[in-house]
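Taking it in order: structure first as structure tokens, then the write-up.
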Amino acid sequence: MLRKFKISIDGKEYLVEMEEIGGVTPQVPAPMPAAATPPPTPTPTAQPVSESTPKDKPKSTAASAGSHTLSAPMPGTILKLLVNPGESVTANQPVMILEAMKMENEIVAPKDGTVAEIFVQVGAIVNASDPLIAFN
């Protein structure tokens, strides 16, 4: 969950955004600016496109309905995979390293379970909310 804080240092105020890690983060849509016009309504012939599914990869059928898919919290590059499909994981166990803005970020398992499928490879560039790993 992304939270904003106002911090004052030596009389100068700073606005800081912090993301809570280690728990399940709810997906909150970004607020629209007040001056923005509403988006046009889609025509009946338009096909909806899911932004969370990469356009060059087909949607996986291996992840079952009872699984949980972990999405990328930010855009970046996958540096290291720390688990393999079929491995058991515990809640908050690091499962991969994502580099974003020259920082290495640990991506952790949201709950105890088993790795069902890994959707990315080392070196892959991901966008925020792209699927990374499915857990059972």
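Candidates are the residues of segment 112-136 that are among the charged types (D, E, K, R) and more than 15 Å from the chain's Cα centre (by Cα); the one that is farthest from Ala91 (Cα to Cα) is Glu117. Taking each residue of segment 123-136 that is touching a residue at least 24 places away in the same chain (Cβ under 8 Å) and looking for partners that are aliphatic (A, V, I, L, M) and in a loop (DSSP other than H, G, I, E, B) with beta-carbon atoms closer than 6 Å, six or more apart or interchain, yields Val126/Ala72; Ala128/Ala72; Ala128/Met74; Asp130/Ala72; Leu132/Ala72; Leu132/Val120; Ala134/Ala63.
I need a count of the residues in segment 71-80 that are outside any loop (DSSP other than H, G, I, E, B) and surrounded by 17 or more Cβ atoms within 10 Å (Cβ to Cβ). Residues meeting the conditions: 3.
Among the conditions (1) of a type in the set (A, V, I, L, M, F, W, C); (2) in a loop (DSSP other than H, G, I, E, B); (3) at pLDDT 60 or above, Ala134 misses just one, which is (2). Every condition in (1) modelled with pLDDT of 90 or more; (2) hydrophobic (A, V, I, L, M, F, W, C); (3) loosely packed, with under 13 Cβ neighbours inside 10 Å is met by Ala62 except one, and the failing one is (1). Looking at Thr43, Thr53 in this structure, which one is loosely packed, with under 13 Cβ neighbours inside 10 Å, at pLDDT below 60 and assigned to a loop (DSSP other than H, G, I, E, B)? None of the others qualify; the one that does is Thr43. Look at segment 77-105: where a residue is within 16 Å of Gln121 (Cα to Cα) and a partner is of a type in the set (Phe, Trp, Tyr) and surrounded by 14 or more Cβ atoms within 10 Å (Cβ to Cβ), sitting 6+ places away or on another chain with Cβ atoms under 9 Å, you get Val95/Phe135. Filtering segment 81-136 to residues that are touching a Gly at 6+ places or on another chain (Cβ under 8 Å), among the aliphatic types (A, V, I, L, M) and surrounded by 14 or more Cβ atoms within 10 Å (Cβ to Cβ) leaves Val89, Leu98, Ala100, Val108, Val115, Val126.
The values are calculated or read from the model by the stated rules, or taken from the named source; none is laboratory data. Only a predicted model underlies this, so the values are computations on that prediction, with no experimental measurement involved. In this analysis, Cβ positions are derived from the backbone assuming ideal geometry, glycine residues included, and neighbour counts consider all displayed protein chains.
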